[in-house]
Amino acid sequence: MKTRSSNFKANVAEALHDGQLQKALKNVPDGFVAKRAKARSKLPEFDALTLEARQIKAHTLEHLDLYLENFERQVIAQGGNVHWARSGVDACDIIGDICQSNDARIVAKSKSMVTEEIALNGHLERMGLEVVETDLGEYIIQIRGETPSHIIAPAIHLTKEQIVDDFRRVHNELETDRALESPETLVAEAREVLRAKFLAADVGITGANLLVAETGASVIVTNEGNADLVQTLPRVHIVVASIEKMVPTIEDATTILRVLARSATGQELSTYTTFTNGPRRAGDMDGPVETHVILLDNGRTELLASEFHEVLRCIRCGACMNHCPVYQAVGGHSYGWVYPGPIGAVLTPSHVGIEEAYHLPFASSFCGACEAVCPMGIPLPKLMRQWRNRAFKKELTSRGQAKLLKGWLWLAMRPRTYHRLTSWGMRAFSFALRRPALAKWLPLPADWTKHREFPVPDGMSFQARFKNGGHRLTHTRRHADKKGGR
Amino acid sequence: MSSTRTHARKLILGDIRSALKADGDDRARQFIVQKKLRGHARNLIPSRAMLPIDARQRLFQTMLETQLASVAHINNAEQIGDAVGSYLRSLNLEKVICTGSDKIFDAVDWEAAHIARKVGRATGDDPISLSHADVAAAETGTLFLLSSAANPTSLNFLPEHHIVVVRAVNISGSYEDAWEQIRKITGSDRQGGVQIPRTVNLISGPSRTGDIEQTIIMGAHGPRRLHVIVIDE
């Protein structure tokens, strides 16, 4: 996928003025955020389960080589094939070869972020294959020539009206004056069109939510059932999974499944969770005859060795972006690459380079909502800060910013000067801001004060108050208590 | 080509080991991993998954209904024909069903129930399927369908209506108990390799999508309706 991350600022400006997008994004807080909160409140053990889930992942990562080897043994014992791919290009080549050796013409796919990451569709299309995305959201963006704007709801940036227009444009073999205005008719039409593709497909490609080392299973969750049709009907099934999807046992997979759907869509469990173990067995009347699992590195081992290794616990639930005030305002496409939101701000620089993705780790106020809702306890603000540090060390920071930061550093290392300056500053600030004209306009944060007034400081720095024995602080609080008591 | 792929395997495992500053031949690490895999110990199980049998069966039904499946009860397996018939009548459906070769369905007098039974996998043209779930878990109203000639996987996804029979005694509280039953049924606890069925489908309701403005619409690609018949005996 082509990167547009370096255009982040321009992308954001565009997104903020896009009326359709802003309308569509309003569904995020009412939808995913509210539903997750409800699901969490219905399971008293939820927080304890997330603690266990992250321990499972941390343990697995520490023994990843051995679990991968066991997984491979199990898959082969069941008659499946395992391929190792260091890069996206290698993975695409392997998958292309499998399609070619099976004389495939049509490839049906279920939603998979890792295949977005390695730009698989383009590769297969260039080979002359017809690639059909079958997840409804993914199908919609495929016919629009777009990329997903959310890792679990790829078409979340679109309104129903836009989708109606797309279906009329693309499904031109159907009657032009058909009624399409309700979501039900849209879903029914997509079902009809895609059903034919499922039945005709030669190869089915899915991702994996988890890999189970104990049994060699790949686990996939959907609500539509599309992944199951993809991995049941075609003659060949290919699983593409990055190596950090591994968990040791079925019991461990179970613990993670208990937090995955609740964190993602707020469901108790996704409608369909499927454990898949290799090809058709003796006596089976359906299922693929040939199965392949691609174990993909594409930067994971590098992350494992780095100070960003905690990000490998990610299970791609999307909670961090659902709860991110920046994502809620600008949507996923602004981030300019496959993974948006806070997780994208950490992953994208590792894939496309901090030079290209420079703006992403800065697109956060570090409010901490992402870390608070992450079921895997990934310290996303800390990891973004580490990218900021790297950017600074690489001298990617603008000259003005760098000078400002260096000036601040100089000052922060001289406490006496610092205190004197801040206490003068506070007084001057307080005096100036009492003039309403100035409160509405400050020279540096002019864009900010355009929309709100700067709060007037009390006139004393914290240090000064502290020296006064907290006199004014206590006074104010007592006053507030009295007020509240009335 | 196969040599570059063997190469990739070696390089990836090598990169992992150097990232972890660990050794693949380290006996202590291998012991930890083998112990974990063989023991497959349980983690925390929510209290709602450990209810006594009556409450567990009620929870199973409540969860399924919340997830927009319908549930009916019968006393014994002989009544399956009648129960399927009354579901088909209630929705005015054609009396043709597709099932696998599961023994539980062989014992049913389909003629008496005026239902035509096709035995085999489902094609795109079969409107109604009937499966037998060997196992279920009450904690989220989840059916576990094990693939085999007895219950082909295509039955679970292609038809518009999916009817599933489950014995009340096979409804576990937790996923863990359900998996333990599966391990017993398929003999995977014994040494010499894992024999989990090719496909284990955990199904908790009819197919749905929320991809258009986060509105939930039923019948995306799989069955529009899921009807569960519980055999209470």
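The eigenvalues of the Cα gyration tensor, multiplied by 5 and square-rooted, give segment A:8-112 an equivalent ellipsoid with semi-axes of 37, 28, 15 Å from largest to smallest. Shape annotation for chain B: C-alpha extents along the principal axes are 67, 47, 43 Å, from largest to smallest. In chain B, the calculated helix contribution to ellipticity at 222 nm averages -10000 deg cm²/dmol per residue, counting -39,500 (n - 2.57) for every DSSP H run with n ≥ 4.
Compactness of segment A:57-158 was expressed as the Cα radius of gyration divided by 2.2 N^0.38 Å, which yields 1.26. Note on segment A:111-188: semi-axes of the ellipsoid equivalent to its C-alpha gyration tensor, largest first and rounded to whole Å, are 24, 16, 9.
Percentage of Cα-Cα pair distances in segment A:43-302 greater than 28 Å, rounded to whole percent?
Tail fraction, whole percent: 35.
Checking the Cα-Cα distances for A:Lys245/B:Lys36; A:Lys9/A:Lys38; A:Lys245/B:Lys21; A:Lys35/A:Lys160; A:Lys245/A:Lys394; A:Lys2/A:Lys393 against a 24 Å cut-off, the pairs over it are A:Lys9/A:Lys38; A:Lys245/A:Lys394; A:Lys2/A:Lys393. Candidates A:Ala196, A:Val219, B:Val119 compared by Cα position along the dipole of the protein assembly as shown: farthest toward the positive end lies A:Val219, with charges placed on Cβ. For the protein assembly as shown, what proportion of DSSP beta bridges, expressed in % and rounded to the nearest 5, is antiparallel? Bridges in the protein assembly as shown that DSSP calls antiparallel: roughly 30 percent.
Using the heavy atoms of the protein chains alone and a 1.4 angstrom probe, what is the accessible area of chain A per residue in square angstrom?
Values: 21050 Å² over 486 residues.
Heavy-atom SASA per residue in chain A reads 43 Å².
Computed over protein heavy atoms with a 1.4 Å probe, the carbon and sulfur contribution to the accessible area of segment A:1-116 reaches 51%. Secondary structure note: in segment A:43-302, about 25% of the DSSP beta bridges are antiparallel. Each peptide in B:90-99, A:24-33 was scored by the mean count of other Cβ atoms within 10 Å over its residues; highest first, the order is A:24-33, B:90-99.
Applying a 4.7 Å Cβ-Cβ cutoff to the protein assembly as shown, the cysteines left without a disulfide-compatible partner are A:Cys92, A:Cys99, A:Cys314, A:Cys317, A:Cys324, A:Cys367, A:Cys374, B:Cys98.
Ordering A:273-283, A:419-429, B:11-21 by mean Cβ neighbour count within 10 Å, with the highest value first, yields A:273-283, B:11-21, A:419-429.
Here the scattering of segment B:96-207 is modelled by Debye summation over its C-alpha atoms, one equal scatterer each and no solvent; at q = 0.20 Å⁻¹ the log10 of I(q)/I(0) is -1.08. Under 1.5 on a/c is rounded, so check that first for segment A:251-322, then, if it is not, pick prolate when a/b is larger than b/c and oblate when it is not; a ≥ b ≥ c are the square roots of the alpha carbon gyration tensor eigenvalues. Verdict is oblate for segment A:251-322. Rounded to the nearest 20 debye, the dipole size of the protein assembly as shown about its Cα centre is 4880 debye, using +1 on the Cβ of Lys and Arg and -1 on the Cβ of Asp and Glu.
Pair-distance distribution of segment A:119-253: all C-alpha pairs, bin width 10 Å, starting at 0; shares per bin in whole percent are 10, 36, 34, 15, 4, 0. Using the Cα coordinates of segment A:281-405, the gyration tensor eigenvalues translate into equivalent-ellipsoid semi-axes of 34, 17, 13 Å, sorted from longest to shortest. Each Lys and Arg Cβ is given +1 and each Asp and Glu Cβ -1; about its Cα centre, segment A:43-302 then shows a dipole of about 200 debye.
Please state, to two decimals, what the Cα-based radius of gyration of the protein assembly as shown comes to when divided by 2.2 N^0.38 Å (N = residues).
Relative to the rule-of-thumb radius for its length, the protein assembly as shown sits at 1.05.
With contacts defined as alpha carbon pairs under 8 Å and 6 or more residues apart, what's the relative contact order of segment A:43-302 in percent? Contact order relative to length: 28 percent.
Partner shielding of A:186-194 amounts to 4, given as the average count of beta-carbon atoms from other chains within 10 Å of each residue beta-carbon.
Per-residue mean of foreign Cβ neighbours for B:174-181 is 3 (Cβ atoms of other chains, 10 Å radius). The A and B chains share an interface that buries close to 7700 Å² of accessible area, total over both sides, probe 1.4 Å.
For the residues of B:115-123, the average number of beta carbons from a partner chain within 10 Å of their own beta carbon is 2.
The values are calculated or read from the model by the stated rules, or taken from the named source; none is laboratory data. Source: prediction; values computed, not measured. A quick note on method: Cβ atoms are made from the backbone with ideal geometry, for glycine too, and the neighbour counts reach across all protein chains shown. For accessibility, only protein heavy atoms count, side chains too; no ligands or nucleic acids. Shrake-Rupley method; radii C 1.70, N 1.55, O 1.52, S 1.80 Å.
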